[in-house]
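**Student:** Mind looking over this structure? Questions follow.
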Amino acid sequence: MIKNYLRSAFRNIKRHPFISFINIFGLTVGLTCCLLILTYVINEKSYDKFDKDSGDIYRVTAALYSSEGAEVFHFASIPPPFGPLLQNEFPDIKKVTRLLSNGTTILSYKDKLFNEQKAYYADENFFSFFSVPVVSGSARTALAEPYSIMITENIARKYFGNTDPMNKIILLDANKRPFKVTGIFKAFPANSHLHPEILLSFNTLKDSTVFGEKALRTDYYGNNFFTYILFPKNYNVSRIEAQLPNFLDKYVPIPPGSPVSFKTHKTVSLELQQLSDIHLRSHLDNEIEENGNIERIYTFSAIALFILLIACINYMNLSTARSALRAKEIGIRKVVGAERKEIISQFLSESVLITWVALALAVALTIILLPFVNRLSRQDLSITSLLHLQILLPAFSLPFVIGFISGIYPAIFMSSFAPVKVLKGVIKVGSGNLSFRKVLVVIQFSISIILIVATAIVYRQLKFMQNKDLGFNKESVIVMKYPPALNKRYNTLKYDLLKNSSIKEVAESSNIPTERLLNDDLASIIDGGAKHPAKVEMKFVNVDYGFIPTYGMSLAAGRNFSKDFATDTSSFIINEAAVRTLGWKVPENAVGKNIMYGTVRGKIVGVVQDFQFESLHQKVSPLIFLLPPPRLSFYNRVSIKISGSNVPSTINAIESAWNKDMPDTPFEFNFLDQKLEQLYLSEEQQGVLFTIFSGIAIFIACLGLFGLSAFTISQRVKEIGVRKVLGASVPQIVVELSKGFLRLVLISAIIAFPVAWFVMNKWLVSFAFRVGISWWIFVIAGTIAVIIAFATISFQSIKAALTNPVKSLRSE
């Protein structure tokens, strides 16, 4: 029986190749979108699950609160003492391990010099904590001794070639501190939230001038240490979470001058974050690496299902549209004794067969398109991620499910034909059937219009971010890391750079625009002998005299820092947001006023106009520029303003000066405008994907509309013939045949507009600066849908209107 069904299905596909092609093509495109997005989703959800204890490992995070209880920062890292203290306080904790990023790390071996970005200090139990194989050395003891270093296989090849690296000496930073290679480990998998390539012994920090043994035990305010906890299997972590406020009150010293009622847990809280949740659900300050987004997973999964739904609806409409072509076949089958359930089985088998063909083509298309998707998403997706039993079993059943969903309505519809009527050529379609198909078309175009609106708003927001006046000049600014060794050689480097006429300004600072402002302190206005504290804590940036000119910032009042004023090292420049925070109405009122910032008392000498230091996701923060005493500051960045003409030769000149003055540090740089683009790369990728998906959805929806128009027009052949005989023109007939379908598109628009507004309004909320959702976007989206729908319908309508009326009337 099944063999006969399949044979009949193949014959039907060959008999109607055009309609079969459209059915298979629509399902193939829908399934390809699903497979591509499924590959992406599986990869994103697999992060950190390679670790055998991933379900029991938690990261400790720290949230800081203002005096009014509002969250100011939420760090992915915490102060160094908390790790050991947590293990001592809560015996149920099995292990604790810590990581400290070393930032840009200068390493050298013989005559080779390297800048490494993924170097960390790690506790000695790191490899008994994370499930990463150690190739050489002891996982248990390799990081036990100070000045030990472990490297990945890739770093080993990079530094030593084919030579065995074990026990070789690598020199660290400009001070040439010797570290002995005590182990080699395999690189962390791609689906990990961290990818250290170099691990330095944590015990080395006890000799550090920055930390030291005492600071590691008593520094409760430096949120730099990534701290992980391993709990027993299936442990109820809420038991410990409930005790963390008391833990903080017990161990963190109360700041001097605090009221008797002060409680530490009112200003800071510790939270536990499951390892497997970090990649998709963590967007905290000071993350180790950029993470994914669970909302993006939901969005793309929904789009994939919507496109597949549109493809299934398309199949239903095309199948019912060709029902007239198969009416006699059904009638004859019924006359010779076929029961209705057998006819339904026949049509369902055809639907399943077509879906199998579409799935096979979709798999091949997915393999072809994956490299393009990898370039777009900056990931390393592979079709092998689908080769798991929990994926293959649902995939194997997918053709049967989709085939059933796509084919059940056409099968029931066509099996209901009365044999006597269909053999006479009389096929009547009840209003209920037609109404159901109209609902399907409305669903298709509603989804398509939502995607068109979403695409337009994403692109408007992206364009807005690219063109918004940021309050500083982002063009022709080169930015570089500031290694500690530069502190003594900066003036010499600056002098050598400014000898080149193409270099306009050079500045040093603790942060540069595009970076998060994570340093803040309390500010108070000094009026006589009284202090009037600001309502919120204010961010600060250490700068030098050239910072404001380098970035072309405008002063709203007062002046820039100047070497002519020795007192400027205890003076401040603030932005307009800080003026408002401190209670002044206009910038001029702030100039000359005394304030206390942290422990520094000084005078405000200037007010800079508000500018967007951070991403447009953040509001403009109240900001203070500090000018530390010469060479006693901690800078992190060098900014160089160039003329913009003959850029390659200017960069060569900068490199020559750098290599002359900083021979122990590799030359690396970025353009500021490139860093700005990186801030919004995710939104740009989202815009591209929305465009692709909305185009696919509209195309498949048009195939569905093509099917319904073909079906309806086939039912009105005689009517068209009569209209032509009575003198109706081709345009009149086209309008008459099209208006019903265009009405469906308009209904779709009415349904889609509020949904699209709600969804995109929620998306825009994540931006502190955003475009409005203008009414004309909906008008354009609706117009595009109507034009595309009319073009699709017109193809069938014009064809029917041009048919000889004699032939149409003979069809009876």
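**Student:** Among the residues in region 155-162, are any open to solvent by 40 Å² or more (accessible area, probe 1.4 Å), more than 23 Å from D51 (Cα to Cα) and in a loop (DSSP other than H, G, I, E, B)?
**Tutor:** Yes, region 155-162 contains a residue that is open to solvent by 40 Å² or more (accessible area, probe 1.4 Å), more than 23 Å from D51 (Cα to Cα) and in a loop (DSSP other than H, G, I, E, B).
**Student:** Looking at L742, L679, can you tell me which residue is surrounded by fewer than 19 Cβ atoms within 10 Å (Cβ to Cβ), farther than 25 Å from C34 by Cα and under 33 Å from the mean Cα position of the chain (by Cα)? If you could, list the steps in order and put the result at the bottom.
**Tutor:** Details: L742 fails: under 33 Å from the mean Cα position of the chain (by Cα).
Going through L742, L679 in turn, just one is surrounded by fewer than 19 Cβ atoms within 10 Å (Cβ to Cβ), farther than 25 Å from C34 by Cα and under 33 Å from the mean Cα position of the chain (by Cα): L679.
**Student:** Still on this model: Can you confirm whether I405 is part of a loop (DSSP other than H, G, I, E, B), touching a helix residue (DSSP H, G or I) at 6+ places or on another chain (Cβ under 8 Å), hydrophobic (A, V, I, L, M, F, W, C) and modelled with pLDDT under 80?
**Tutor:** No.
**Student:** Does D664 satisfy the condition of being charged (D, E, K, R) and farther than 23 Å from I525 by Cα?
**Tutor:** yes
**Student:** Also, I was wondering about something else. Of all the residues that make up region 67-96, how many are within 30 Å of L486 (Cβ to Cβ) and either in a loop (DSSP other than H, G, I, E, B) or out of contact with any Ser or Thr (no Cβ under 8 Å at 6 or more places or on another chain) (or both)?
**Tutor:** Kept after step one, since they are within 30 Å of L486 (Cβ to Cβ), are these residues of region 67-96: 73, 75-80.
Then drop every residue that is not either in a loop (DSSP other than H, G, I, E, B) or out of contact with any Ser or Thr (no Cβ under 8 Å at 6 or more places or on another chain) (or both), which leaves 73, 76-77, 79-80.
The total comes to 5.
**Student:** How many residues does region 549-576 contain that are open to solvent by 10 Å² or more (accessible area, probe 1.4 Å) and under 35 Å from the mean Cα position of the chain (by Cα)?
**Tutor:** 5
**Student:** Does E289 count as open to solvent by 40 Å² or more (accessible area, probe 1.4 Å), of a type in the set (D, E, K, R) and within 29 Å of the chain's Cα centre (by Cα)?
**Tutor:** Values: open to solvent by 40 Å² or more (accessible area, probe 1.4 Å): yes; of a type in the set (D, E, K, R): yes; within 29 Å of the chain's Cα centre (by Cα): yes.
Considered against the rule, which asks whether it is open to solvent by 40 Å² or more (accessible area, probe 1.4 Å), of a type in the set (D, E, K, R) and within 29 Å of the chain's Cα centre (by Cα), E289 comes out as yes.
**Student:** Pick from L36, L85, L27, L6: which is among the hydrophobic types (A, V, I, L, M, F, W, C) and at pLDDT 90 or above?
**Tutor:** Selected residue: L85, the only one of L36, L85, L27, L6 that is among the hydrophobic types (A, V, I, L, M, F, W, C) and at pLDDT 90 or above.
**Student:** Let me ask another. Out of the residues in region 242-261 that are open to solvent by less than 50 Å² (accessible area, probe 1.4 Å) and without any contact (Cβ under 8 Å) to a residue 12 or more places away in the chain, state the one that is farthest from G55 (Cα to Cα).
**Tutor:** S258
**Student:** Restricting the search to region 487-507, which residues are in a helix (DSSP H, G or I) and among the charged types (D, E, K, R)?
**Tutor:** Taking region 487-507 as the starting set, the residues that turn out to be in a helix (DSSP H, G or I) are 487-488, 490-498.
Within region 487-507, K488, K494, D496 meet the criteria.
**Student:** Quick one: which strands (runs of 3 or more DSSP E) lie wholly within region 508-602 and hold at least 3 residues that are closer than 26 Å to N491 by Cα and free of Cβ contacts under 8 Å to residues at least 60 places away in the same chain?
**Tutor:** Because the criterion is at least 3 residues that are closer than 26 Å to N491 by Cα and free of Cβ contacts under 8 Å to residues at least 60 places away in the same chain, the strands (runs of 3 or more DSSP E) in region 508-602 that meet it are 571-575.
**Student:** Quick one: in region 97-122, which of the residues that are touching a Leu at 6+ places or on another chain (Cβ under 9 Å) and not in a strand (DSSP E or B) is least open to solvent (accessible area, probe 1.4 Å)?
**Tutor:** Start the filter on region 97-122 by keeping residues that are touching a Leu at 6+ places or on another chain (Cβ under 9 Å), which leaves 97, 99-100, 102, 105-109, 113-116, 118-122.
If we keep only those that are not in a strand (DSSP E or B) too, we end up with 102, 118.
Working: N102: 53, K118: 77 Å².
Selected residue: N102.
**Student:** From I93, I149, I78, grab the single residue that is open to solvent by less than 20 Å² (accessible area, probe 1.4 Å), farther than 24 Å from M662 by Cβ, in contact (Cβ under 8 Å) with a residue 40 or more places away in the chain and over 33 Å from the mean Cα position of the chain (by Cα). First the steps, then the outcome.
**Tutor:** Working: I149 fails: farther than 24 Å from M662 by Cβ; I78 fails: over 33 Å from the mean Cα position of the chain (by Cα).
None of the others qualify; the one that does is I93.
**Student:** Can P256 be described as over 17 Å from the mean Cα position of the chain (by Cα), within 30 Å of S67 (Cβ to Cβ) and assigned to a loop (DSSP other than H, G, I, E, B)?
**Tutor:** yes
**Student:** Shifting gears a bit: Just give me the residues in region 622-665 being closer than 29 Å to L555 by Cα, of a type in the set (S, T, N, Q) and part of a loop (DSSP other than H, G, I, E, B), in sequence order.
**Tutor:** Correct list: S633, N636, S643, S645.
**Student:** Do we have H279 as part of a helix (DSSP H, G or I), closer than 29 Å to Q618 by Cβ and free of Cβ contacts under 8 Å to residues at least 40 places away in the same chain here? Outline the logic, then answer.
**Tutor:** Values: part of a helix (DSSP H, G or I): yes; closer than 29 Å to Q618 by Cβ: yes; free of Cβ contacts under 8 Å to residues at least 40 places away in the same chain: no.
Here the answer is no, as H279 does not meet what is asked.
**Student:** If you don't mind, there's one more thing I want to ask. Please find, within region 628-642, the residue that is farthest from F472 (Cα to Cα) out of those that are at pLDDT 90 or above and not basic (K, R).
**Tutor:** Out of the qualifying residues, it is V638.
For (1) charged (D, E, K, R); (2) surrounded by fewer than 20 Cβ atoms within 10 Å (Cβ to Cβ); (3) within 30 Å of L284 (Cα to Cα), each residue gets a yes or a no:
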residue: F464; (1), (2), (3): no, yes, yes
residue: S476; (1), (2), (3): no, yes, no
residue: N500; (1), (2), (3): no, yes, no
residue: V506; (1), (2), (3): no, no, no
residue: S524; (1), (2), (3): no, yes, yes
residue: A534; (1), (2), (3): no, yes, yes
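**Student:** Pairs needed: first member in region 772-797, more than 15 Å from S446 (Cα to Cα); second member anywhere, open to solvent by 80 Å² or more (accessible area, probe 1.4 Å) and of a type outside the set (S, T, N, Q); C-beta distance under 7 Å; at least 6 residues apart or different chains.
**Tutor:** I773/W757
The values are calculated or read from the model by the stated rules, or taken from the named source; none is laboratory data. Bear in mind the structure is a predicted one, so any value in this text is a computation, not a measurement. Reconstructed Cβ throughout: ideal geometry from the backbone, glycine too, with neighbour counts over all protein chains shown. Please note that ligands, DNA and RNA were not included when accessible areas were found on the heavy atoms of the full protein model with its side chains. Shrake-Rupley method; radii C 1.70, N 1.55, O 1.52, S 1.80 Å.
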